[in-house]
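Engineer: Below: one structure in structure tokens.
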Amino acid sequence: MCVLLAAAGVALADPAVWQREGWTKTDFSKTRIGWQEILSGGPPKDGIPSIDKPMFKGVAEGKDLTDKDPVIGLVIAGDARAYPLRVLTWHEIVNDTVGGVPVTVTYCPLCNSAIVFDRRVAGQVLDFGTTGKLRNSDLVMYDRQTESWWQQFTGEAIVGALTGTELKMIPARLESFAEFKARHPDGKLLVPNNPHLRDYGRNPYVGYDSASAPFLYRGDYPKGIEPMARVVVVRPPTGKAQAITLDLLRKKGRATLGDIELTWQAGQASALDDGQVAKGRDVGTVAASRVTRDGKREAAVYDVTFAFVVHAFHPDLTIVKELPDH
């Protein structure tokens, strides 16, 4: 397991301790959680450094990536950018502006959750970093303006002045590099600011997604499904989240949850399997879309995570494991 994880310990869940660690600006009088839910992931504040001045090159220049390399594909107002997990695994957060929209592109390896947020809140543009803390094994982010703490999987501020505020999620696709290039041959590819800062391309979480249990997780496990089974979660503009197992979607090739259509195709490597990200087993790519009122099809917000994550944050949500034959 990763050196960062090996060094992790369960520090005292106490605001007084956290203030001594440097969290002097965080308003700990405001929170929506119990302090015991917060665990130390090992690294200190910003120990996993966010990328705040991202650099890009054309996708045709991405010679370090294989076709199967997983990337987060984001398109806003015709501005298409790919954020490789071989980079995000080591940084977890990229603060960027795409198509004129300030965004934060996030990836939590322990939850395999790749989510993009609009980082504008009440007319203010926030910049995000890593706290070094986890809740339900999920990345706890913070904004540098108020030092409120945010849950990556939900986009909600859980501690601090902005507690209760929710970031808007932006549709993005976790896909293979080959698929992104085919869709956007003139797109941009995120590259490390310093290629020698980390061992980019190496997976520090070897075998994690085939482990029997998650790391640094204290909650209940879902019933009737393995905790580390991959699950596709869709988040419609209105209404509750819905979920389906990746295995079922892979077997069917296509499924509908509410008004959101999901498809699956092979060709994307798991970032959490082999010692080299590009050599991970093929878990395929999910795409999600919905038909708008004017009959147009648009990308929808979705995530491919683990069953334990869905259960931890949406305990009443039923994960679809079977579909009727037609």
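Just so it is clear, none of the values below were taken in a lab; they were calculated from the coordinates. Since we're looking at a predicted model, the values are computed, not measured. Because the Cβ atoms are built from the backbone with ideal geometry, glycine has one as well, and the counts that use them run over all protein chains shown.
Engineer: Can you list residues from other chains, or at least 5 along the same chain, whose modelled amide H is less than 5 Å from the amide H of I170?
Structural biologist: V116, F117, D118
Engineer: Treat the count of other C-beta atoms within 10 Å as a stand-in for reagent exposure and order D79, D199, D209 from fewest to most.
Structural biologist: D199, D79, D209
Engineer: Based on DSSP H runs of at least 4 residues, each adding -39500 (n - 2.57), what is the mean residue ellipticity at 222 nm of the chain after dividing by all its residues, to the nearest 500 deg cm²/dmol?
Structural biologist: -2500 deg cm²/dmol
Engineer: Convert each backbone phi in the range 162-173 into a coupling constant with the Karplus relation 6.51 cos²θ - 1.76 cosθ + 1.60 (shift: θ = phi - 60°), then list the ³J(HN,Hα) values in order as whole Hz, x for Gly and Pro.
Structural biologist: Values per residue, Gly and Pro as x: 9, 3, x, 6, 10, 6, 7, 7, 10, x, 8, 10 Hz.
Engineer: In what order do Y302, Y200 fall by count of nearby beta-carbon atoms within 10 Å, going from fewest to most?
Structural biologist: Ordered by Cβ neighbours within 10 Å, fewest first: Y200, Y302.
Engineer: Check which residues have an amide H placed less than 5 Å from V231's amide H, if you skip close sequence neighbours.
Structural biologist: L246, T305, F306, A307
Engineer: Another question about this same structure. Highest first, please rank the peptides 248-257, 290-299, 276-285 by the mean number of other Cβ atoms sitting within 10 Å of their residues.
Structural biologist: Final packing ranking: 276-285, 248-257, 290-299.
Engineer: Would you mind ranking T130, T154 by Cβ crowding within 10 Å, fewest neighbours first?
Structural biologist: T154, T130
Engineer: For K223, list the lysines whose Cα falls under 17 Å from its own Cα; do not include residues on the same chain fewer than 8 positions away.
Structural biologist: Cross-link targets: K321.
Engineer: May I ask you to derive the relative contact order of the chain, considering only C-alpha pairs under 8 Å and at least 6 residues apart, and to give it as an integer percent?
Structural biologist: So the answer I get is 19 percent.
Engineer: Filter K63/K296; K57/K168; K45/K188 down to the pairs with a C-alpha to C-alpha distance above 32 Å, please.
Structural biologist: Those over the limit are K63/K296.
Engineer: I've got another one for you. For the range 205-221, what does the Karplus curve 6.51 cos²θ - 1.76 cosθ + 1.60, with θ = phi - 60°, yield as ³J(HN,Hα) per residue in whole Hz, taken in order and with x for Gly and Pro?
Structural biologist: 10, 4, x, 4, 7, 10, 6, 7, 8, x, 9, 6, 10, 10, x, 6, 9
Engineer: Using the Karplus equation 6.51 cos²θ - 1.76 cosθ + 1.60 (θ = phi - 60°), what ³J(HN,Hα) coupling, rounded to whole Hz, does each residue of the range 180-185 give in order, writing x for Gly and Pro?
Structural biologist: Rounded to whole hertz, the list is 5, 4, 5, 6, 9, x.
Engineer: Tell me the net charge near C108. Cut-off is 15 Å between Cβ atoms, C108 excluded, with +1 for each Lys or Arg and -1 for each Asp or Glu.
Structural biologist: -2
Engineer: Skipping prolines and chain starts, which residues have an amide H placed within reach, meaning under 5 Å, of the one on F56, given they are 5 or more residues away or on another chain?
Structural biologist: It is V191, by chain and number.
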